[in-house]
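Following: one structure in structure tokens, then a few remarks.
Taken together, the values in this text are just the output of simple stated rules run on the coordinates, not laboratory data. As the structure is a computational prediction, the values presented were derived from the model and not from experiment. Quick reminder, even Gly has a Cβ in these numbers, built from the backbone with ideal geometry, and neighbours come from all protein chains shown.
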Amino acid sequence: MTQREHLRNLALLGLLALGLLALPQGLSVYLTSFALFTMMYVVLALSWNIISGFTGYTSFGHVAFYGIGAYACAILVVDHGWSWVTTLFAGALVAGLVAVAIGYPVLRLKGPYFAIAMLGMAEGTRVVATVWDGLTHGGLGISFPSVENSTSTYYAMLVLMLITIAVAYLVAHSRFGIRLNAIREDEVAAEALGINVTRYKLLAFVLSAVFPAAAGGIQAYKVLYIEPQAVFFVQITIAMALMSMLGGKGTVIGPVIGAVLLYTAQELTWVNFPTAHLIAYGLFIIVVARFMPRGLIGFAIDRGWVRKGMVH
Amino acid sequence: MTQCVLRAVAALMALLVLVPAGRAEDRPKNEVLVGGAISQTGRFAEPAGRQVNAIKMWVDQVNSRGGLLGRKINLVLLDDKSDTQTAVKLYEKLITEDKVDVLLAPYSSAITEAVANINERYKMPFVAYGAASSPIWEKGRKYIFSIVAIAEDYQKGAVHLAKQIGVKRIAIIGEDSLFPRQSGIGAKQWADKLGLQVVLQENYPQKQTDFTALLQKIKAAGAEAIMSNSYFADAAAQVRQMRELNLYFKLFSGTVGPGLPQFAEQLGDSAEYILGFSQWEPLPDILKHPGMKEFIAEYEKRYGEKPNYHAGGTYGALQVTEAALKQAGSFDSQKLRDALASIETTTVFGRYKVNDKGMNDHEGLTFQILKGERRVVFPEQWAETKAKLPIPEWSKR
């Protein structure tokens, strides 16, 4: 991609940022919340995509990092009186460290073994959050003092989303990203070519862990009450994977589109058909999986609507 | 890339147009919008479904007798998917976008805890028929009122009965989540008050099915009775395994499980003599609350089953809301809040009069399963029969 195209993409991101910056002024509190959670899913899907799309290691346990971030925020704010924005960095740091500790052994596993190990890891963190009473208050959950938080959490999520998009974009267009793709396509060959696969996989894993943790922290502060069941909810991982796959995993724009579309579709189906939304949601997934196995982006490329090199 | 970003922006714009932007303006003058979000899908769908039944029935009845303060109810019930995050978002929608006049409560203590912050922020009150966890009312909130007995009192009757039969040492066990832990705390408080010794208090993780080690530990600790703060599957497993291991206790009390019809059906003879707790039972001749007979008959006609306490409590909360609206004389939420805080009334569910924290002092019922039927044994004023305790030994049954 040329310098010019990069600049144009940067300008587009800037435009998006400006638009979203002004959004809460013109919208109701509900639509602001809706936009906030949409951006949260953009962050989650994009992060999942770094390890599972770029690098090819499908994770079924990414909700663990989100939950760790949520708990870091709640514990530090409620029990230790930290300011909530600071806790986001702390949560990201903890999640990053956990990713190193878990990733080092687990990234040696491939395919379904890795997916299942991650599923186990997410369940493990949920159990720890339930059992480690002294730290997490166990099943009682943690309740924040009531505060006005609609705009502050919105802007925090906006900043986080912009950072995540920028990082994903930079990764995709760097040597690092190309190495990750090489690992995805053929790990043995990549290693034979002199790529330090362990290091790059670990780095990708850590990158994919820190943003969900920050997102978890923001959502905890938005909802003001967390419990293990709610923040280590396996469906959140599934949403990350589905959104990436719907948009087109392994690209930067794919997970963004997937998250926006799927979250919007979900919202519209239950607004209009509250009882049938699960069926509608299921049908939607089946249609996408059947007719667009490479996501919307892949579908568009196959039909020549989008030039292949442009979609990173 | 350009196209893709444009498409994403277009999708966002389309959404803003598609989602209806506030219905307050085009609402007919003779209507009142009553709304809430409740778990119609997900893990709470079963109990919350009974509450939805009661809500719909109440709305139809109110509309057929001329509406609320002369205005016809337009009901909006959204689905929070048993998820706190969705619930918070939906209550923001109901208040800021749909601009409901009267707010209805969600189901479960956890979701109510999260939604209560929205009530405070927008100064919209409701009677929380789906929450029994007292910390919700310990934070100085002004717009949330309780109607059901708090979790801490679920074992009140069982501890009293244990005391009556001369039990000295009890064990308190329970699932590790908000509600069972609160009822465990309450059981401990009642035991301390009545001078019973708690020799073991332990929480086990959700979905645990093997209690053999825990039961043996309880026996080894010298407990004579078990207070189990449990749901259905765990309580059933505990009773089955007690029998398999031939461990005898003078009294066993579950919180939620024994109240469900399938408990006695599935456990058969093993369920006999087990104590359980109910917020309310459809027993008009015993409870003698006004309007109970009509409520039970109408509910049974509509839904083909007798109302359980979820339905009874919800209907009671709506009767309280209706009475408070009458007292307030308008849909002004501040006036409604003040009325809910001060009103004293009796519903099909019992008396409603809240203290300065907004908590109603509802008295629940302790029952015992006798010949497969739930029979109220505590408090004495409502007892159908005397409790048959201590439980006979397994070998003598």
Relative contact order (%) - criterion: Cα under 8 Å, at least six apart; region: chain B: 16
Sequence of A:236, A:301 once ranked by neighbouring C-beta atoms within 10 Å, starting from the fewest: A:301, A:236
Fewest-first ranking of A:2, B:209, A:136, using other Cβ atoms within 10 Å as the exposure measure: A:2, B:209, A:136
Chain A: DSSP helices with Cα axial extent of at least 18 Å and average Kyte-Doolittle hydropathy no lower than 1.6: A:84-106, A:150-172, A:234-247, A:277-291
0 to 90° range, to nearest 10: angle between helix B:309-328 axis and chain B longest Cα axis: 40
Residue mean of other protein chain beta carbons inside 10 Å, A:146-155: 2
Members of B:193/B:217; B:123/B:353; B:217/B:396; B:207/B:388; A:201/B:89; B:139/B:335 lying beyond 27 Å, as alpha-carbon distances in this model show: B:207/B:388; A:201/B:89
Whole-Å distance, taken between Cα centres, linking segment A:159-179 and segment B:221-279: 56
Zero-based 20 Å bins, Cα pair distances in chain B, whole percents: 26, 52, 19, 3, 0
Angle in degrees between helix B:232-244 and the longest Cα principal axis of chain B, rounded to the nearest 10: 10
Relative contact order (%) - criterion: Cα under 8 Å, at least six apart; region: segment A:27-247: 44
Partners for residue B:219 among lysines (Cα-Cα distance below 19 Å; same-chain residues under 8 apart left out): B:163, B:168, B:188, B:250
Reachable lysines from residue B:306, criterion Cα separation under 19 angstrom, eight or more residues apart if same chain: B:56, B:288, B:293
Label point distance in nm, residue B:56-residue B:396, each placed 7 Å from Cα along Cα→Cβ: 5.0
Estimated FRET transfer efficiency when R0 is 35 angstrom, pair residue A:175-residue A:291 (beta carbons, to 0.05): 0.50
Of A:167, A:183, A:217, farthest towards positive along the dipole that unit charges on Lys, Arg, Asp, Glu beta carbons give segment A:27-247: A:183
Order of A:59, B:108 - criterion: other Cβ atoms within 10 Å of each residue's Cβ, fewest first: B:108, A:59
Simple spin-label estimate for residue A:123 and residue A:3 in nanometres, 7 Å along Cα-Cβ: 5.4
Reachable aspartates and glutamates, given that their alpha-carbon falls under 14 Å from the alpha-carbon of residue B:29 and they are not under 8 places away in the same chain: B:101
Helical contribution to [θ] at 222 nm, DSSP H n ≥ 4, -39,500 (n - 2.57), averaged over chain B, rounded to 500: -12500 deg cm²/dmol
Estimated 222 nm signal from helices in chain A, with DSSP H stretches of n ≥ 4 weighted -39500 (n - 2.57), rounded to 500: -24500 deg cm²/dmol
